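Derivation of every value follows stated rules applied to the coordinates shown; laboratory data play no part. All figures in this text were calculated on a predicted structure; none of them were measured in a lab. Here Cβ is always computed from backbone atoms with ideal geometry, including for glycine, and neighbour counts include all displayed protein chains.
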Amino acid sequence: MTIENAPEPTITDRATFESNLAALRRREKAHTRAGDAIAAARRRLPVVEMDAGTPLIGPDGPVPLIDTFEGRQQLIAYYFMWYPGRPAAEQCEGCTWNNTQLDELSYVHSRDITYAVFCQGPYDESIRYHDFMNWTMPWYSAQQSLDTLLVGRQIGLMHVVCYLRRGDRVFETYWTTRRGVEAVDINYRLMDLTIYGRQEPWEDSPEGWPQSHEEDTRTNGRPTAQWSRINAGRSDDLTDGSPGPAEPSASPDSGGCGACR
């Protein structure tokens, strides 16, 4: 089912439309206030200290966790799923979808917050993906320290983790995964405003509504955002000439992206 041949929605007069919308608006306002209350509770969570010297790999080699703050007091780290040795087309569509939306970080910086990607794969390979996508956010490999940074959590799954720096000490203040990472996603929020929504099979929609986007954030076998880079002639070769792919840290079928409902 596509939008073109979807059943016609219920058509009514302006007064009835506005009355129904007003009822929905009351629910929206309650949802907003509930979100405010949850955010208030999040600000009151206790924190846990991390080893500020936990090593990551950046453009100049090893770097301690505290340096990834770039001098700011807060850090939001996106833990990017990675399949070592796999081509660009087989890398995580969900992580690609999310991070393609983060071109402008000045507003985050104005609140003394750094946003950075902590890739769960090797630096040399994954930074080529960063460059192919023409991203500008700071990029590090957290591969060697995942057991420390994601202690007790499922390595290989996308995560967003928040940290606080106080002097030479670092604290973890919050983390989320699966649909929680939609915090960095504006596209789904915009789709949710439309009559047909995200057009994905899991949604509660009227009978016959288009829900054919089973590949979620892929188009013709690739993460959707890659196509503009390919069409611009940019190379998606992530190899360094070394033979043979490494084993992936998580299988592309492990439910890390499309199954994060």
Exercise. Taking neighbour Cβ counts within 10 Å as the exposure measure, how do E49, E207 sort from fewest upward?
Worked result: E207, E49
Exercise. Taking K and R as +1 and D and E as -1, what net charge do the other residues with C-beta under 12 Å from the C-beta of V48 add up to?
Worked result: -2
Problem set entry | DSSP-defined beta bridges in the chain - what % are antiparallel, rounded to 5 | 70 percent
Seminar exercise, completed: Summed over the other residues with a beta carbon less than 14 angstrom from that of T194, with K and R at +1 and D and E at -1, the charge totals -1
For this session: Give me the number: length gained by fully extending D51 to S19, i.e. 0.36 nm times residue separation minus the C-alpha to C-alpha distance, one decimal in nm.
Result: 6.0 nm
For this session: Select from R229, R86, R178 the residue whose mean-square fluctuation is largest in a Gaussian network model of the chain (Cα-Cα springs shorter than 10 Å).
Result: R229
For this session: Give the percent of DSSP beta bridges with both residues in region 36-138 that are antiparallel, rounded to the nearest 5.
Result: 35 percent
Exercise. In what sequence do M81, M191 fall when counting other Cβ within 10 Å, fewest first?
Worked result: M191, M81
Problem set entry | Anisotropy class of region 1-135 from Cα gyration tensor, a/c 1.5 cut | oblate
Exercise. What number comes out for the charge environment of P122, summing +1 per Lys or Arg and -1 per Asp or Glu over other residues with Cβ under 11 Å away?
Worked result: -2
For this session: Take every Cα pair under 8 Å in the chain that's 6+ residues apart, average their separations, divide by the length, and report that relative contact order as a whole percent.
Result: 27 percent
Exercise. In what order do H159, H130, H31, H109 fall by count of nearby beta-carbon atoms within 10 Å, going from fewest to most?
Worked result: H31, H109, H130, H159
Exercise. What is the chain by shape, rounded, prolate or oblate, if you read a ≥ b ≥ c off the alpha carbon gyration tensor as root eigenvalues and call it rounded for a/c under 1.5, prolate for a/b larger than b/c, and oblate otherwise?
Worked result: oblate
Problem set entry | Additional length obtainable on full extension of the chain from N220 to E90, 0.36 nm per residue less Cα span | 45.6 nm
